[in-house]
Amino acid sequence: MTAASVPTLCAAPRSFALSRSCRRQIESGNAMTRRFGSAVRATSLQPEESAKGVDSGSGSKLSSWTSVRQERWDGELAVEGSLPLWLSGTYLRNGPGLWDVGDHTFHHVFDGYAMVVRVSFRRGRATGAHRQIKSEAYKAARAHGRPILREFSHCPTPANLLERVGNLVGLVSGAAITDNPNIGVLQLGDGRVMCLTETTKGSTLIDPESLETMGRFSYTDRIGGMYMVQSAHPIVTESELLTVLPDLARPGHLVVKMEAGSNERKVIGRVDCRGGPTPGWLHSFAVTENYVVVPEMPLRYSSTSLLKSELAPFYVFDWLPVSGSYMHVMCKSTGKTVASVEVPPFMAFHFINAYEEEGEIIVDCCEHNGDPAIIETLVLHRLRSFRDKDVLPNARVGRFRIPLDGSPYGELETALDPEEHSRGIDMCRINPARLGKKYRYAYACGARRPCNFPNTLIKIDLVEKKAKNWHEEGAVPSEPFFVARPGATDEDDGVVISIVSSDDGEGYALVLDAATFEEIGRVRFPYGLPYGMHGCWIPAKN
Ligand SMILES: CC(=O)/C=C/C=C(C)/C=C/C1=C(C)CCCC1(C)C
Ligand SMILES: CC(/C=C/C=O)=C\C=C\C=O
Ligand SMILES: [Fe+2]
């Protein structure tokens, strides 16, 4: 049986909540995995194989949704084209690299065990590496031949009352939840490099050269208890890290900062949630020069799921549009909430940028048309088998306008015609020099339909309301990362780097001129790489 014929768990492409039968199937996920485990494993690599993608039966050898079985590799990379000589430094990208362990195959792309990829550029040449992160979750799964801790869509089912109580204690103590840091990687102002996920215990230090796991980042403050969850996208500058911690016990959000060189987070302020029994999912947030913008989405933590160790309609979340959607604005220097407005329902993983303009705050995000169906789009068997189907839900650049004059409502509009990017957009980046300021360009993954996943790179011009697209037939590019040319003054003077998995099973880092969005070069890995989430740039020292 090939990946293309793996039976689908939940085939309905667009639904607000999963049907009862789909939920039953997810709840009995372990049994499903046992039944179809060998089929799913057909897309995985055996240790002795290279990490190149396996033919899925559709003629494609795409490696995006295939585990890498080699724990590590490093070596020289072949360069095609000519890389700018000023491009000197290291691009790191984190993501889920391993979705199969023992007989168990994960269900969702967000479940995979973290793997970091490195591409180092120097004088027009490049070296590369990948390495599996040795989290406790990964080591326990390796030791037991199955996942032991709770991941995004995987919830070890308690066999009896004793185990149920154990899981509850494990939730409160954090012992039962994952530390698998598979979402982002960033360099702190003091030079330390951290991989992270949404569980606070997942923050993990790595060596940016060897990619070795150095150990857990231990926060020395006393912010613990039910603050076991954090945004996966802290905002990091040379001087500090700013982030938001959902309060699962008393619905609200704590905005905290940690100075470079310190392990101690300090509270800036707190906003109470206005709707729902629990906080909304806060994967990312936005800042302006003076404010922190805290979104409150109707996709909210499910207390039943957390307390009973069960899967909710959206894994650990419920979609509760009647609970309302809100945007809160906190002053960075005083911690006071200066605006809290109700907005139309929205669904966003990623905020692009925000800025202050004439009595209001503008906040842009990759918005999935107020529909959480995108979460189901990212289920692995759908990514593997629906490649020629047009099942990627529509998305747009959502632009919030938040008045600062005390008005109770904010607006949500579409910043440019979504046809400019074929109604697909996510995994956005900007020039970091424009963070919190009025800006013109955003880079993201977009769509060329039919597709089941974003398959283009796009440069969005928010002034002209146009997008430039890069596309290669059958390829899946990951987050386009902007690196400014040293000394640049124009917002788009630099390059955009994206790691691409191509249809023939190959993998390469693509380098585009950010101004023209034309290819300058590609740096080939000797094997295909799985899809990755977010990256960072570490400039060379000299
Ligand atoms: C976008 C993405 O990759 C999200 C990952 C989210 C994860 C791993 C969430 C983990 C969890 C919590 C934040 C709360 C407690 C349960 C658990 C599902 C482990
Ligand atoms: C890959 C993704 C969404 C794609 C939608 O079009 C979201 C990833 C979120 C984690 O960082
Ligand atoms: Fe993200």
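None of the figures in this text is laboratory data; all of them are computed from the coordinates on show. In this text, all values refer to a predicted model and were calculated from it rather than measured experimentally. Glycine also receives a Cβ, built like all others from the backbone with ideal geometry; neighbour counts cover every protein chain displayed.
Which helices, counted as full DSSP H runs in the chain, have an axial Cα extent of no less than 30 Å and a Kyte-Doolittle average of -1.0 or above? The partial results should precede the final answer.
Details: long enough: none.
Both cut-offs are met by no helix.
Could you please state, rounded to a whole Å, how far the C-alpha centre of the range 274-338 is from the C-alpha centre of the range 102-131?
Cα centroid of the range 274-338 versus Cα centroid of the range 102-131: 30 Å apart.
Of 451, 470, 487, which is farthest towards the positive pole of the range 437-490's charge dipole, taken about the Cα centre with +1 and -1 on the beta-carbons of Lys, Arg and Asp, Glu respectively?
The residue sitting most towards the positive pole is 487.
Using the Karplus equation 6.51 cos²θ - 1.76 cosθ + 1.60 (θ = phi - 60°), what ³J(HN,Hα) coupling, rounded to whole Hz, does each residue of the range 302-311 give in order, writing x for Gly and Pro?
In residue order, the calculated couplings are 8, 5, 4, 4, 5, 6, 9, 6, 10, 8 Hz.
What dipole magnitude, in Debye to the nearest 20, does the range 113-243 give about its Cα centre under +1 on Lys/Arg Cβ and -1 on Asp/Glu Cβ? Before the final figure, lay out the partial values.
Details: 15 positive and 12 negative charges, 97 e Å.
Roughly 460 debye for the range 113-243.
Pop out the ³J(HN,Hα) list for the range 499-505 in order, Karplus 6.51 cos²θ - 1.76 cosθ + 1.60 with θ = phi - 60°, rounded to Hz; leave Gly and Pro as x.
Running phi through 6.51 cos²θ - 1.76 cosθ + 1.60 with θ = phi - 60° gives 8, 10, 9, 9, 4, 8, x Hz.
To the nearest 500 deg cm²/dmol, what mean residue ellipticity at 222 nm is calculated for the chain from DSSP H runs of n ≥ 4 alone, each contributing -39,500 (n - 2.57), summed and divided by the residues? Let's see the in-between values first.
Numbers: 7 runs with 60 residues, N = 542.
Calculated from helices alone, the mean residue ellipticity at 222 nm is -3000 deg cm²/dmol.
Given that compact globular proteins tend to follow 2.2 N^0.38 Å, what is the ratio of the alpha-carbon Rg of the chain to that value? Write down the numbers at each step before the final one.
Working: Rg = 21.7 Å, N = 542, 2.2 N^0.38 = 24.1 Å.
With N residues counted in the chain, Rg over 2.2 N^0.38 Å equals 0.90.
Quick query: amide H of residue 237 versus all other amide H atoms, modeled in the peptide plane; which residues come in under 5 Å with a sequence gap of 5 or more or a different chain?
Residues meeting the amide H criterion: 242.
So, in Å, what gap is there between the alpha-carbon centers of the range 160-223 and the range 493-533?
Centre-to-centre distance over Cα atoms comes out at 29 Å.
What nm value, rounded to one decimal, do you get for the distance between residue 209 and residue 264 when each label is placed 7 Å out toward the C-beta?
According to this spin-label approximation, the distance is 3.2 nm.
Which value, in debye to the nearest 20, describes the size of the charge dipole of the chain about its Cα centre when Lys and Arg Cβ atoms bear +1, Asp and Glu Cβ atoms bear -1, and nothing else is charged? Numbers along the way, then the final one.
Numbers: 60 positive and 64 negative charges, 267 e Å.
It comes to approximately 1280 debye.
Report, as a whole number in µm² per second, the diffusion coefficient that Stokes-Einstein gives for the range 335-410 at 10 °C and 1.306 mPa s using the Kirkwood radius over alpha carbon pairs.
Working: Rh = 14.4 Å.
For these conditions, the coefficient is 110 µm²/s.
Report the residues of the range 409-436 in range of a label on residue 239: point 7 Å along Cα→C-beta, backbone N strictly under 19 Å from it.
Correct set: 432-436.
Rank 203, 137, 499 by how far each Cα sits towards the positive end of the charge dipole of the chain (+1 on Lys, Arg Cβ; -1 on Asp, Glu Cβ) and give me just the farthest.
In the chain, that residue is 137.
Based only on Cα atoms, what mean projected area does the convex hull of the range 289-383 have, in nm²?
On the way: hull surface 31.5 nm².
Answer in nm², one decimal: 7.9.
Only Lys, Arg, Asp and Glu count, each charged at its Cβ (+1, +1, -1, -1), so figure out the dipole size of the range 78-145 about its Cα centre, rounded to 20 debye. Each step should come with its number before you reach the end.
Working: 9 positive and 5 negative charges, 102 e Å.
Using only the charged Cβ atoms, the result is roughly 500 debye.
Pairs 389/466; 437/465; 201/266; 438/459; 134/201: which exceed 23 Å Cα-Cα? Before the final figure, lay out the partial values.
Numbers: 389/466 26 Å; 437/465 18 Å; 201/266 17 Å; 438/459 16 Å; 134/201 13 Å.
Beyond 23 Å between Cα atoms: 389/466.
Using 0.36 nm per residue, how much length does the chain from residue 86 to residue 216 gain when fully extended, once their Cα-Cα distance is taken away?
Working: separation 130, 0.36 × 130 = 46.80 nm, distance 3.40 nm.
Between residue 86 and residue 216, full extension yields 43.4 nm more.
So how far apart, in nm, are the two label points at residue 175 and residue 76 if each is 7 Å from Cα heading toward Cβ?
5.1 nm
Per-residue HN-Hα couplings for the range 371-379, Karplus 6.51 cos²θ - 1.76 cosθ + 1.60 at θ = phi - 60°, whole Hz, x for Gly and Pro?
9, x, 4, 4, 5, 6, 4, 8, 6
For the residues 328, 350, what sequence is obtained by ranking on other C-beta atoms within 10 Å, fewest first? Let's see the in-between values first.
On the way: 328 25, 350 21.
Starting with the residue having the fewest Cβ neighbours, the order is 350, 328.
Among 206-217, 154-165, how do they line up by average Cβ neighbours within 10 Å per residue, starting with the highest? Walk me through the intermediate numbers first.
Numbers: 206-217: 16.5, 154-165: 14.4.
Descending packing order for the listed peptides: 206-217, 154-165.
Which residues' amide hydrogens lie under 5 Å from the amide hydrogen of residue 332, considering only partners 5 or more residues apart or on another chain, with H built in the peptide plane?
Excluding prolines and chain starts, which carry no amide H, the hits are 291, 292.
Quick one: in the range 434-542, what % of C-alpha pairs are over 18 Å apart?
Values: 2978 of 5886 pairs.
Summing the P(r) of the range 434-542 above 18 Å gives 51 percent of all pairs.
Scan around residue 247 for amide H atoms under 5 Å from its own, H built in the peptide plane at 1.01 Å from N, and keep only partners 5 or more places away or cross-chain.
Distant-sequence amide H within range of residue 247: 252, 253, 254.
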